[in-house]
Amino acid sequence: ADISCSDGAPIYVRKAGSVILTLAEGTANTIADGIAYIYAGAETEPDAAIFSKADMVINGTGSLTVQANYNDGITSKDTLRIDGGKINITAKNHGIKGKDYLMLNGGGIEVRAGGDGVKATNDTQAALGYVEINGGEIAITAADDGISAVSLVKITGGTVHIDTQNNGIKSELAIELQGGDINIRTEDDDLVCQERSLLAAASLTVNGEVLQ
């Protein structure tokens, strides 16, 4: 699939119980938007090249390239889970954004963002607004925070490389590094939170220095 829209979101889920976007084996798919969206009245959404108001899952083994020239790359106003695929995102603002949570379970994800790399934004419910990484190969280059969450950032596996001008990983409450290989290059702080947990199974390197 090669989908583009010059004045709005190429993929816009207005209403659904849930949505599954499958990247079929052997396919190379491209999504691109324009530099300005046209809204009706006082509307301000959609504001991402792939935008969903429902729970969204991305899976499969194909590839997806997202060129977000207006604002964000992939956004869900509910939950967002990525289970597989080779995903390459270039976004003017944030790369990948979920509201209730953002969960990355596998695949290869590369994000170049003018804002935050990946983030979760729900600040009204204490158990939500978290980012969880359980596997995959994730490379983030961000002008702002590499990973940002409201309640929790938890990494249990996978490889995470962050290159940022701001904070590497930021949570308003907690960061739990339980596993995986995390490499951060930052011009600011590495981990920003109120509580942090770094288990022996996790490998953390910051600006070339191995912390565990």
Self-check item: Given (1) crowded, with 17+ Cβ neighbours inside 10 Å; (2) part of a strand (DSSP E or B); (3) not small (Gly, Ala, Ser), number of the condition residue 196 does not satisfy
Solution: (1)
Quiz item: How about region 142-162: which of its residues are crowded, with 19+ Cβ neighbours inside 10 Å and farther than 13 Å from residue 103 by Cβ?
Solution: 142, 144, 145, 146, 148, 150, 151, 160, 162
Practice problem: Test residue 175 against the stated conditions and say whether it is open to solvent by less than 10 Å² (accessible area, probe 1.4 Å), under 21 Å from residue 87 (Cβ atoms) and not basic (Lys, Arg). | Solution: no
Quiz item: Among 32, 42, which is the only one that is modelled with pLDDT of 95 or more, farther than 23 Å from residue 147 by Cβ and surrounded by fewer than 18 Cβ atoms within 10 Å (Cβ to Cβ)?
Solution: 32
Self-check item: From the options 122, 88, residue that is assigned to a loop (DSSP other than H, G, I, E, B), out of contact with any helix residue (DSSP H, G or I) (no Cβ under 6 Å at 6 or more places or on another chain) and at pLDDT 95 or above
Solution: 122
Quiz item: Given the residues 72, 83, 7, which is the only one that is open to solvent by less than 50 Å² (accessible area, probe 1.4 Å), acidic (Asp, Glu) and modelled with pLDDT of 95 or more?
Solution: 72
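The values are calculated or read from the model by the stated rules, or taken from the named source; none is laboratory data. Owing to the predicted nature of the structure, the values given are computational and were not obtained by experimental measurement. Here Cβ is always computed from backbone atoms with ideal geometry, including for glycine, and neighbour counts include all displayed protein chains. Remember, those area values only see protein heavy atoms, side chains included, never the ligands or the DNA or RNA. Shrake-Rupley method; radii C 1.70, N 1.55, O 1.52, S 1.80 Å.
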